[in-house]
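Please read the structure below before turning to the comments.
The values are calculated or read from the model by the stated rules, or taken from the named source; none is laboratory data. Keep in mind that this is a model prediction, so the values were computed, not measured. Cβ atoms come from the backbone with ideal geometry, glycine included; neighbour counts cover every protein chain shown.
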Amino acid sequence: MKCLIVEDDPTLSAQLAAALRDGGFTCDIAADGTQGEFLGSTETYDLAILDLGLPGMPGIEVLTRWREGGATMPVLILTARGDWTDKVAGFRAGADDYAVKPFRLEEVVIRAQTLVRRAAGHAQAVIKAGPLRLDTQLGVITRNGLALKLTAFETRILAYLIHHQNRVVSRSELSDHLYDSAADRDFKSIEVVIGRLRKKVGEGLIETRRGEGYVLRTAA
Ligand code: CA
């Protein structure tokens with residue numbers, strides 16, 4: 001899952017990025033409103049965390065432009081304590097949730113994970129996929145009740161497929177949601193990891209559609 005953080009306080013954005021990476025996210029950081037507006041309009045994200053008080057362009061305007069441009073990712077806004085008008089303006093502009101500064105990083109990570117799974121249509125914190133279970137808060141995937149031994153990258157790929165089970169996910173969609181914008185995108189390594197995952201989760205669950213992508217098939 002890929003997250004955009006738009007926050008002008010470099011200490012806070014670094015802390016947020018570290019906590020979100022521990023929570024299974026890949027993160028891009030924008031330090032002002034103009035860059036944030038550009039990234040959110042041109043890159044693919046599963047979630048954006050948006051400070052409202054930003055240099056360059058105010059957060060509300062950033063959000064308004066994203067939504068007018070058709071960006072549908074969930075957006076969590078960061079607001080100052082006691083400023084309820086900020087929250088109202090944020091929701092009117094298309095925000096999905098908010099956190100009040102100063103916040104606990106754990107709280108923002110849980111809210112982020114919740115927004116992402118709800119956007120994918122899952123109401124429960126544990127997502128079922130055939131014999132697999134993804135605990136979205138712990139980032140643990142089990143098969144028939146036993147934890148799978150997965151690398152961080154394998155977990156990110158399988159978690160994405162579990163969120164989007166029973167539909168074809170192309171390699172470019174996977175790479176959009178797994179790598180941050182600065183990374184070298186490598187289709188070959190995705191293929192290798194899918195091969196390893198197939199062995200770990202058991203035959204028949206992950207199908208390859210030639211020229212299309214992959215399906216985690218859990219329904220007939
Ligand atoms: Ca700020």
Point to revise | Only listed residue being within 15 Å of the ligand (Cβ to nearest atom) and modelled with pLDDT of 95 or more, chosen from ASP51, ASP46, ASP86 | key: ASP51
Revision key, fill the gap. Of the candidates ARG133, ARG171, ARG111, the one satisfying the condition of being closer than 20 Å to ARG217 by Cβ and at pLDDT 95 or above is ARG133
Practice item. Tell me which of these PRO74 doesn't satisfy, since it passes every other one: (1) within 14 Å of the ligand (Cβ to nearest atom); (2) surrounded by 18 or more Cβ atoms within 10 Å (Cβ to Cβ). Key: (1)
Review point. Any residue at all in segment 102-112 that is over 20 Å from ASP9 (Cα atoms), without any contact (Cβ under 8 Å) to a residue 40 or more places away in the chain and touching a helix residue (DSSP H, G or I) at 6+ places or on another chain (Cβ under 9 Å)?
Key: no
Exercise for review: Please work out which residue is nearest to the ligand (Cβ to nearest atom), limiting yourself to segment 32-43 and to residues that are crowded, with 18+ Cβ neighbours inside 10 Å and closer than 25 Å to GLY82 by Cβ.
Suggested key: GLY33
Point to revise | For LEU174: the one exception among (1) surrounded by fewer than 20 Cβ atoms within 10 Å (Cβ to Cβ); (2) not in a strand (DSSP E or B) | key: (1)
Check your understanding: Could we say that THR85 is among the hydroxyl-bearing types (Ser, Thr, Tyr) and assigned to a loop (DSSP other than H, G, I, E, B) here?
Key -> no
